[in-house]
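The values are calculated or read from the model by the stated rules, or taken from the named source; none is laboratory data. Quick caveat, the model's predicted, so the values are computed rather than measured. Every residue, glycine as well, gets a Cβ built from its backbone with ideal geometry; the counts of neighbours run over all protein chains shown.
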């Protein structure tokens, strides 16, 4: 898959695709539904996605807590798994946000990426102050000879599948519900940082990963699997939160204890997938009580994961 950060001066073989438009945060089943429609509309054209980085909400509401389900590397990996050949990851800055809807269609979609066909959901809006909608897009696309498919949302028994519903499920402590809507386990990907090594002193060494721009799910303990840099997957138990027993710091982080693993993961990238929420975060009377609870959590995570997954060789 090829990734471009500009719509201007593209090579000829990177233009003329069937292009799905949107933020694609999470790359969930609803997004896969849109991509299938794009491929079905023009199977003779490369399947492409036009998205924005950072997410527009990050620019317009910079004081909001982090909300991203997927950062660009994970998002692009998920898109590639769905058959996307080209990603136009356009920088969303002040100048871009002030582009008119007409300029976006004419300069970016038509002259720039030379789209053969456009696909979006019914709520897609674009241009300065969201001045363009699907009605406007339909009229301009027709005038330019570009096809357009507006795809109805994919729904389940609770309504349309959306990134906001997945965020709520994670924040409420239901990673299984997020899994159902994503089509895969939700994961946090980040670089292992040095901690205080306290876990090692009580028999449960952990890899510590800052949440960064990721959404913070419900604070507590999870049964997880982790993908190591070499591609191997291991089972484990993880805590997400502020560690009130030992160090009630201002920022939450993920700490994962990998079962049956010995090694140094500092400065390596780890992807930790949440399978089940075991219990909320809480403060214990001391390190011995904490150690006993972690042992119980690890045993519970092993039992649960034994029923669901097996580590790869």
field: Options 90, 109; residue that is under 30 Å from residue 216 (Cβ atoms) and either modelled with pLDDT of 95 or more or over 18 Å from the mean Cα position of the chain (by Cα) (or both)
entry: 90
- request: Would you please name the residue that is nearest to residue 288 (Cα to Cα), looking only at residues in region 187-202 that are part of a loop (DSSP other than H, G, I, E, B) and modelled with pLDDT of 80 or more?
  value: 194
message: Suppose the filter is touching a residue at least 60 places away in the same chain (Cβ under 8 Å) and under 13 Å from residue 189 (Cα atoms); does residue 300 pass it?
response: no
message: Pull out all pairs, ordered by first then second residue, where Cβ-Cβ is under 9 Å, the residues are six or more apart or on different chains, the first lies in region 150-170 and is free of Cβ contacts under 8 Å to residues at least 24 places away in the same chain, and the second is exposed (fewer than 12 other Cβ atoms within 10 Å of the Cβ) and assigned to a loop (DSSP other than H, G, I, E, B).
response: 165/158
Residues of region 256-278 that turn out to be in contact (Cβ under 8 Å) with a residue 24 or more places away in the chain and either in a loop (DSSP other than H, G, I, E, B) or in contact with a helix residue (DSSP H, G or I) (Cβ under 7 Å, 6 or more places away or on another chain) (or both), as a count: 13
- prompt: Counting only residues that are within 21 Å of residue 39 (Cα to Cα) and out of contact with any strand residue (DSSP E or B) (no Cβ under 8 Å at 6 or more places or on another chain), which one in region 133-161 is surrounded by the fewest Cβ atoms within 10 Å (Cβ to Cβ)?
  reply: 145
- request: Kindly indicate which of 19, 49 is under 30 Å from residue 171 (Cα atoms) and either modelled with pLDDT of 95 or more or touching a strand residue (DSSP E or B) at 6+ places or on another chain (Cβ under 6 Å) (or both).
  value: 49
